[in-house]
Amino acid sequence: MLKLLRTNFDRSEQRRDRRYLAPGMTVVMRGAEYATRDWSLGGFQCIGGPEVSVGTQIAGEVRIAGRPGTCPFAAQAVRGGNGDSVAFRFTHSTMLITMLDRALSNRLARRRG
């Protein structure tokens, strides 16, 4: 069983996972590419995103800036869907979460060095 820990301790923030702007992420869904506004280990918000209803399940691939290859994901639309931006929650993406965690760790290690 996957244990979830809250990583954001800002009292005004209700999200479980901290949001990041970098490294940049591009998602491919329904044959189109979308840049992300921000992302976390729990999901992402894409700019312009596909017009979908809240609750819609979608599958695609993620590409992280500065890293080779892509990683598949499955997600559910949780907010938006009007063509401006859409927020998705990952529903099946264990390999992707590992990839995002490594990319974030590498970025933070470079900033310290």
>> Restricting to the stretch 57-75, name every residue that is in a loop (DSSP other than H, G, I, E, B), surrounded by 13 or more Cβ atoms within 10 Å (Cβ to Cβ) and not polar (S, T, N, Q).
In response: 67
>> Contact list please: Cβ distance under 8 Å, first residue in the stretch 93-104 and under 14 Å from residue 59 (Cα atoms) and surrounded by 12 or more Cβ atoms within 10 Å (Cβ to Cβ), second residue at pLDDT 85 or above and of a type in the set (Gly, Ala, Ser), pairs at least six apart or on different chains.
In response: 93/74; 93/75
> Got a sec? Which of 28, 54, 86, 78 is within 27 Å of residue 110 (Cβ to Cβ) and either modelled with pLDDT of 90 or more or in a strand (DSSP E or B) (or both)?
Replying inline: 28
> Of 28, 62, which residue is touching a Cys at 6+ places or on another chain (Cβ under 7 Å) and of a type outside the set (Lys, Arg)?
Replying inline: 62
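The values are calculated or read from the model by the stated rules, or taken from the named source; none is laboratory data. Since the model is a prediction, treat every value here as computed from it, not as a measurement. Backbone-built Cβ (ideal geometry, glycine too); neighbour counts: all protein chains shown.
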